[in-house]
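One structure is given here, and the rest of the page talks about it.
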Ligand SMILES: Cc1cc2nc3c(=O)[nH]c(=O)nc-3n(C[C@H](O)[C@H](O)[C@H](O)COP(=O)(O)OP(=O)(O)OC[C@H]3O[C@@H](n4cnc5c(N)ncnc54)[C@H](O)[C@@H]3O)c2cc1C
């Protein structure tokens, strides 16, 4: 599935170019106006990047996890909202590629996705469950070969701009809240009615208000595997790694602004090290930690995915679940710490919203990281897993 | 042994169905056991049978049904684990 190293580096180079030339120049306006970064997504379509994770035989680029992480990092460093949208899309595509691959419906869908460069959104959170993705209130109602699925979603990023949506729900009206399935609903078959607004501190361009979703379709659109397995094998690891990669991009851009500031200071008085340089050394230390964390998790996940067969899938092990949860918690804290450190370095120039050293957008975007699936919820999950985990 | 497993599921499994109506191979997750509840079931089984599930057994498929739990416990208590 994975292409050779050259091809992967070519894809990353194209992503970086789009990020630099299209996403970055629009970032301030996207943030200010809380508008969808349409030019950056359109440019990704032209480069066929929305099918990055789809196997080449279905028309995709056949990239692996480490390449996806590099793409999300590139967009995150140009515009946090574009980075997060890109990450969310690839997480949804990965669920379909990895768990719909044998179904004729989903193979055809993936070809269409690559052909038309479709953008997929996610509706997991629901009124009544918050960030607990492993429980649903609503149920998919089957009637012969068709279904009806309605949901009060608290947050659907780029809901209005997506082509299709992946939705969690209970398996059937008589199923308990934790017995869930994941269903693809198509734009022609759903209506979205906005129920709340999205005037937030940060990640404003993700355009993520609440919606009432009403949809129908054919039962082929329901992924066959129980959602619990899809979550452990794909949705959770891809989310934590690709979100963290996006946050790494935000931190990297903040550090590069701080670095430029310190160098400019140094040039004013050659021969003396500016006092802010020591704080720069400090944030670069944290950035290295964050980068190693993200890259290590991405490579490990990629190699576990290659190794996995039906019987032994280490992605399902408790050890891996704890690790991938720790990645999310640590990265969400580090991005905030790093950006705040950078603001301290550049001072008032960073506090202003209209200088080349502005840190407001980075800081506000970074603050979403510990809230999207609250860190305490994830700590609670790890605390319970650690009671039975034996490997120390 | 299966009766003891049923008793533990009754106390800790938080199933939405009566555990007595569930066949040995009935899917516990479909019966409403959450992953959080499955951790409590594991801990109770470890206490009851004086065993430790090694990490390789801590996965959904092992805790999927009364039959699969019972097979895992047998493997651990027969000295073969
Ligand atoms: C930028 C952004 C984009 C998003 N995009 C989407 C999207 O596209 N689709 C989607 O479905 N959702 C999306 N979400 C929503 C997200 O996935 C979560 O649903 C949401 O962040 C949870 O919101 P909440 O604060 O109401 O959390 P809740 O989960 O209700 O938690 C509230 C508080 O309780 C704490 N808490 C909860 N459980 C425990 C526990 N067991 N132990 C200790 N503390 C606990 C949490 O840490 C938190 O502090 C997005 C969120 C953000 C910020």
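Quick notes on this structure:
- Test result for residue A:321, assigned to a helix (DSSP H, G or I) and within 16 Å of the ligand (Cβ to nearest atom): yes
- Checklist (1) within 12 Å of chain A (Cβ to nearest Cβ); (2) buried (at least 18 other Cβ atoms within 10 Å of the Cβ) applied to residue B:36, failing item: (2)
- Residue check, residue A:227 within 16 Å of the ligand (Cβ to nearest atom), surrounded by 24 or more Cβ atoms within 10 Å (Cβ to Cβ) and within 14 Å of another protein chain (Cβ to nearest Cβ): yes
- Screening residue A:318 with (1) away from chain B (no Cβ under 14 Å); (2) surrounded by 19 or more Cβ atoms within 10 Å (Cβ to Cβ); (3) more than 18 Å from residue A:28 (Cβ to Cβ) gives one miss only, at (1).
- Residues satisfying the stated conditions in region B:18-32, i.e. crowded, with 18+ Cβ neighbours inside 10 Å, more than 7 Å from chain A (Cβ to nearest Cβ) and under 15 Å from residue B:62 (Cα atoms): B:28
- The residue that is farthest from the ligand (Cβ to nearest atom), counting only those in region A:116-127 that are in a loop (DSSP other than H, G, I, E, B) and closer than 16 Å to residue A:169 by Cβ, is A:127.
- The set of residues in region A:346-389 being surrounded by 14 or more Cβ atoms within 10 Å (Cβ to Cβ), more than 16 Å from the ligand (Cβ to nearest atom) and farther than 25 Å from residue A:275 by Cβ consists of A:388, A:389.
- From the list A:256, A:232, the lone residue that is more than 15 Å from the ligand (Cβ to nearest atom), within 14 Å of chain B (Cβ to nearest Cβ) and either outside any loop (DSSP other than H, G, I, E, B) or surrounded by fewer than 19 Cβ atoms within 10 Å (Cβ to Cβ) (or both) is A:232.
- Count of region A:128-168 residues which are more than 18 Å from residue A:223 (Cβ to Cβ) and more than 10 Å from the ligand (Cβ to nearest atom): 7
- Residue B:61 vs. criteria surrounded by fewer than 18 Cβ atoms within 10 Å (Cβ to Cβ) and touching a helix residue (DSSP H, G or I) at 6+ places or on another chain (Cβ under 8 Å): yes
- When A:262, A:294 are checked against the criterion of being over 30 Å from residue B:59 (Cβ atoms) and in contact (Cβ under 8 Å) with a residue 40 or more places away in the chain, a single residue qualifies: A:262.
- Residue match in region B:65-74 (condition: at pLDDT 90 or above, under 20 Å from residue A:316 (Cα atoms) and within 12 Å of another protein chain (Cβ to nearest Cβ)): no
- Odd one out for residue A:91 among (1) surrounded by fewer than 24 Cβ atoms within 10 Å (Cβ to Cβ); (2) within 11 Å of the ligand (Cβ to nearest atom): (1)
- Matching residues, region A:79-115, being part of a loop (DSSP other than H, G, I, E, B) and either within 18 Å of the chain's Cα centre (by Cα) or on the phi > 0 side of the Ramachandran plot (or both): A:79
- Some residue of region A:59-77 being part of a helix (DSSP H, G or I), over 17 Å from the mean Cα position of the chain (by Cα) and surrounded by fewer than 24 Cβ atoms within 10 Å (Cβ to Cβ): no
- Out of A:218, A:178, sole residue that is farther than 18 Å from residue A:157 by Cβ and surrounded by fewer than 16 Cβ atoms within 10 Å (Cβ to Cβ): A:218
- In region A:235-248, the condition of being on the phi > 0 side of the Ramachandran plot and within 14 Å of the ligand (Cβ to nearest atom) is met by no residue.
- Lone unmet requirement of (1) free of Cβ contacts under 8 Å to residues at least 24 places away in the same chain; (2) closer than 22 Å to residue A:173 by Cα; (3) away from chain A (no Cβ under 11 Å) for residue B:15: (3)
- Residue list for region B:45-71, filter: in a helix (DSSP H, G or I) and within 9 Å of the chain's Cα centre (by Cα): B:45, B:62, B:63, B:66, B:67, B:68, B:69, B:70
- One residue stands out among those in region A:169-207 that are within 14 Å of chain B (Cβ to nearest Cβ) and assigned to a strand (DSSP E or B): the one that is nearest to the ligand (Cβ to nearest atom), which is A:180.
- Residue A:303 vs. criteria outside the structural domain of residue A:12 (by TED's automatic domain parsing) and free of Cβ contacts under 8 Å to residues at least 12 places away in the same chain: yes
The values are calculated or read from the model by the stated rules, or taken from the named source; none is laboratory data. Because the structure is predicted, anything quoted here is derived from the model rather than measured. As a convention, Cβ positions derive from the backbone with ideal geometry for all residues, glycine included, and neighbour counts pool all protein chains shown.
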